[in-house]
1. Can you give the relative contact order of the range 6-82 as a percent, counting alpha carbon pairs under 8 Å and 6+ residues apart?
2. Which cross-chain or sequence-distant (5 or more) residues have an amide H under 5 Å from the amide H of THR27, H modelled 1.01 Å from N in plane?
3. Restricting attention to the chain, give the cysteines that have no other cysteine Cβ less than 4.7 angstrom from their Cβ.
4. Quick one: net charge around PRO76, please, counting Lys, Arg +1 and Asp, Glu -1 for every other residue with C-beta under 12 Å from its C-beta.
5. Evaluate the relative contact order of the chain (contact order divided by residue number), counting alpha-carbon pairs under 8 angstrom at least 6 apart; express in whole percent.
6. Suppose only helical runs count, i.e. DSSP H with n ≥ 4. What mean residue ellipticity at 222 nm does that imply for the chain under -39500 (n - 2.57) per run, divided by all residues and rounded to the nearest 500 deg cm²/dmol?
7. Projecting each Cα onto the charge dipole of the range 53-105 (Lys/Arg +1, Asp/Glu -1 at the beta carbon, about the Cα centre), which of SER89, ALA64, VAL78 comes out farthest on the positive side?
8. Net charge within 11 Å of ASP134 by Cβ-Cβ distance, Lys/Arg positive one each and Asp/Glu negative one each, not counting ASP134 itself?
Amino acid sequence: MVTTTALEAELLALAGSVPDPELPVLTLAELGVVREVRMTAPHRVEVDLTPTYTGCPAIEAMSADIERVLHDHGVPEVEVRTVLSPPWSTDAITAEGRRKLAEFGIAPPRPTGPAGGPVTVDLTIRCPHCGSTDTTLLSRFSSTACKALRRCESCREPFDHFKEL
(Lines give C-alpha, C1' and ligand atoms only; values in the text may rest on other atoms or scores of the structure.)
Protein backbone atom coordinates (compact mmCIF):
# COMPACT_ATOMS: atom_id res chain seq x y z
CA MET A 1 0.00 0.00 0.00
CA VAL A 2 1.34 3.42 -0.96
CA THR A 3 0.93 6.13 1.65
CA THR A 4 0.40 9.57 0.14
CA THR A 5 1.08 12.68 2.18
CA ALA A 6 -1.03 15.82 1.89
CA LEU A 7 1.85 17.53 0.05
CA GLU A 8 2.16 14.62 -2.40
CA ALA A 9 -1.59 14.77 -3.05
CA GLU A 10 -1.32 18.52 -3.70
CA LEU A 11 1.64 18.01 -6.07
CA LEU A 12 -0.24 15.20 -7.84
CA ALA A 13 -3.17 17.57 -8.40
CA LEU A 14 -0.78 20.23 -9.77
CA ALA A 15 0.94 17.76 -12.11
CA GLY A 16 -2.45 16.44 -13.19
CA SER A 17 -3.70 19.95 -13.98
CA VAL A 18 -1.24 20.29 -16.88
CA PRO A 19 -3.06 20.36 -20.25
CA ASP A 20 -2.31 17.53 -22.68
CA PRO A 21 -0.11 18.99 -25.47
CA GLU A 22 -2.03 17.15 -28.22
CA LEU A 23 -5.52 17.52 -26.75
CA PRO A 24 -5.36 20.70 -24.65
CA VAL A 25 -9.05 20.38 -23.80
CA LEU A 26 -7.96 17.57 -21.41
CA THR A 27 -5.67 17.69 -18.40
CA LEU A 28 -3.13 14.94 -17.81
CA ALA A 29 -5.24 13.79 -14.84
CA GLU A 30 -8.34 13.49 -17.03
CA LEU A 31 -6.28 11.59 -19.60
CA GLY A 32 -5.09 9.30 -16.79
CA VAL A 33 -1.36 9.43 -17.55
CA VAL A 34 0.00 10.84 -14.26
CA ARG A 35 0.34 7.75 -12.08
CA GLU A 36 2.10 8.85 -8.91
CA VAL A 37 4.00 11.69 -7.23
CA ARG A 38 6.53 10.90 -4.49
CA MET A 39 8.64 13.14 -2.28
CA THR A 40 12.02 11.37 -2.26
CA ALA A 41 13.84 14.07 -0.28
CA PRO A 42 12.82 17.38 1.34
CA HIS A 43 13.13 19.31 -1.96
CA ARG A 44 12.97 16.48 -4.50
CA VAL A 45 9.93 14.98 -6.25
CA GLU A 46 9.54 12.01 -8.59
CA VAL A 47 6.55 11.86 -10.92
CA ASP A 48 5.52 8.65 -12.70
CA LEU A 49 4.05 9.37 -16.13
CA THR A 50 2.68 6.71 -18.49
CA PRO A 51 2.43 7.59 -22.19
CA THR A 52 -0.70 6.74 -24.12
CA TYR A 53 1.47 4.47 -26.27
CA THR A 54 5.14 3.51 -26.35
CA GLY A 55 7.05 6.12 -28.31
CA CYS A 56 4.38 8.82 -27.89
CA PRO A 57 6.09 12.04 -29.02
CA ALA A 58 4.10 14.14 -26.54
CA ILE A 59 5.81 12.55 -23.51
CA GLU A 60 8.69 15.05 -23.65
CA ALA A 61 6.33 18.04 -23.69
CA MET A 62 4.25 16.51 -20.87
CA SER A 63 7.37 15.96 -18.76
CA ALA A 64 8.67 19.50 -19.35
CA ASP A 65 5.26 21.00 -18.50
CA ILE A 66 5.01 18.96 -15.27
CA GLU A 67 8.53 20.02 -14.29
CA ARG A 68 7.67 23.69 -14.95
CA VAL A 69 4.45 23.56 -12.89
CA LEU A 70 6.16 21.89 -9.94
CA HIS A 71 9.19 24.24 -10.13
CA ASP A 72 6.75 27.17 -10.13
CA HIS A 73 5.21 25.68 -6.98
CA GLY A 74 8.61 25.77 -5.24
CA VAL A 75 9.93 22.26 -5.85
CA PRO A 76 13.57 22.70 -6.93
CA GLU A 77 14.26 19.12 -8.03
CA VAL A 78 11.70 17.30 -10.20
CA GLU A 79 12.30 14.00 -11.98
CA VAL A 80 9.58 12.80 -14.34
CA ARG A 81 9.94 9.09 -14.97
CA THR A 82 8.33 7.37 -17.96
CA VAL A 83 6.62 4.22 -16.67
CA LEU A 84 5.41 1.68 -19.23
CA SER A 85 3.99 -0.96 -16.90
CA PRO A 86 1.14 -1.29 -16.36
CA PRO A 87 0.43 0.15 -19.80
CA TRP A 88 -2.00 3.00 -20.22
CA SER A 89 -5.41 2.20 -21.69
CA THR A 90 -8.31 4.38 -22.71
CA ASP A 91 -10.14 3.11 -19.61
CA ALA A 92 -7.86 5.53 -17.68
CA ILE A 93 -9.66 8.53 -19.22
CA THR A 94 -11.99 9.95 -16.57
CA ALA A 95 -15.71 10.50 -17.08
CA GLU A 96 -15.01 14.24 -17.15
CA GLY A 97 -12.33 13.67 -19.78
CA ARG A 98 -14.76 11.69 -21.94
CA ARG A 99 -17.36 14.43 -21.57
CA LYS A 100 -14.82 17.08 -22.61
CA LEU A 101 -13.71 15.04 -25.65
CA ALA A 102 -17.31 14.80 -26.87
CA GLU A 103 -17.92 18.48 -26.18
CA PHE A 104 -14.76 19.30 -28.16
CA GLY A 105 -16.06 17.27 -31.13
CA ILE A 106 -13.99 14.09 -30.60
CA ALA A 107 -15.86 10.83 -30.10
CA PRO A 108 -14.55 9.42 -26.82
CA PRO A 109 -13.27 5.85 -26.71
CA ARG A 110 -15.71 3.15 -25.71
CA PRO A 111 -15.01 1.50 -22.34
CA THR A 112 -13.10 -1.77 -22.76
CA GLY A 113 -14.19 -3.28 -19.45
CA PRO A 114 -12.25 -4.93 -16.63
CA ALA A 115 -9.16 -6.98 -17.44
CA GLY A 116 -10.04 -10.66 -17.52
CA GLY A 117 -13.75 -9.90 -17.36
CA PRO A 118 -16.48 -9.97 -19.96
CA VAL A 119 -15.80 -7.86 -23.04
CA THR A 120 -18.48 -5.39 -24.03
CA VAL A 121 -19.21 -5.60 -27.74
CA ASP A 122 -20.34 -2.24 -29.08
CA LEU A 123 -19.31 -1.62 -32.66
CA THR A 124 -20.99 1.74 -33.02
CA ILE A 125 -19.21 5.07 -32.82
CA ARG A 126 -21.53 7.92 -31.87
CA CYS A 127 -21.15 11.25 -33.68
CA PRO A 128 -20.17 13.93 -31.14
CA HIS A 129 -22.08 16.55 -33.17
CA CYS A 130 -25.54 15.01 -33.61
CA GLY A 131 -25.42 11.71 -31.67
CA SER A 132 -26.05 9.46 -34.69
CA THR A 133 -24.40 6.03 -34.79
CA ASP A 134 -24.44 6.03 -38.61
CA THR A 135 -20.74 6.83 -39.04
CA THR A 136 -18.06 5.79 -41.54
CA LEU A 137 -14.34 5.30 -41.02
CA LEU A 138 -12.42 7.60 -43.38
CA SER A 139 -8.90 6.91 -42.10
CA ARG A 140 -7.46 4.75 -39.32
CA PHE A 141 -5.20 7.69 -38.44
CA SER A 142 -6.07 11.32 -37.87
CA SER A 143 -4.10 14.26 -36.46
CA THR A 144 -2.42 11.90 -33.96
CA ALA A 145 -1.84 8.15 -34.03
CA CYS A 146 -4.31 7.62 -31.17
CA LYS A 147 -7.24 9.02 -33.17
CA ALA A 148 -9.12 7.85 -36.28
CA LEU A 149 -10.98 10.08 -38.73
CA ARG A 150 -14.68 9.35 -39.22
CA ARG A 151 -17.67 11.02 -40.89
CA CYS A 152 -21.25 11.06 -39.70
CA GLU A 153 -23.63 9.99 -42.45
CA SER A 154 -26.52 11.85 -40.79
CA CYS A 155 -25.07 15.33 -40.33
CA ARG A 156 -22.16 14.77 -42.80
CA GLU A 157 -19.65 16.28 -40.35
CA PRO A 158 -16.17 14.74 -40.07
CA PHE A 159 -14.87 14.05 -36.57
CA ASP A 160 -12.01 12.40 -34.74
CA HIS A 161 -12.56 9.24 -32.72
CA PHE A 162 -10.16 8.54 -29.84
CA LYS A 163 -9.27 4.88 -30.48
CA GLU A 164 -9.67 2.29 -27.74
CA LEU A 165 -6.47 0.79 -26.36
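The values are calculated or read from the model by the stated rules, or taken from the named source; none is laboratory data. Remember, it's a predicted structure, so these values are computed and weren't measured experimentally. When we count neighbours, we look across all protein chains shown, and the Cβ atoms used for this are built from the backbone with ideal geometry, even at glycine. Side chains included, ligands, DNA and RNA excluded: accessible areas come from the protein's heavy atoms. Shrake-Rupley method; radii C 1.70, N 1.55, O 1.52, S 1.80 Å.
1. On the way: 110 pairs, mean separation 22.9, N = 77.
Result for the range 6-82 is 30 percent.
2. Excluding prolines and chain starts, which carry no amide H, the hits are ASP20.
3. That list is CYS56, CYS146.
4. Numbers: positive: ARG44; negative: GLU67, ASP72, GLU77, GLU79.
Net charge in that neighbourhood comes out at -3.
5. Values: 285 pairs, mean separation 27.7, N = 165.
Taking the mean separation of contacting Cα pairs over the length of the chain, I get 17 percent.
6. Working: 4 runs with 38 residues, N = 165.
Rounded to the nearest 500, the figure is -6500 deg cm²/dmol.
7. Farthest towards the positive end: SER89.
8. Values: positive: ARG126, ARG150, ARG151, ARG156; negative: GLU153.
Around ASP134, the charge tally is +3.
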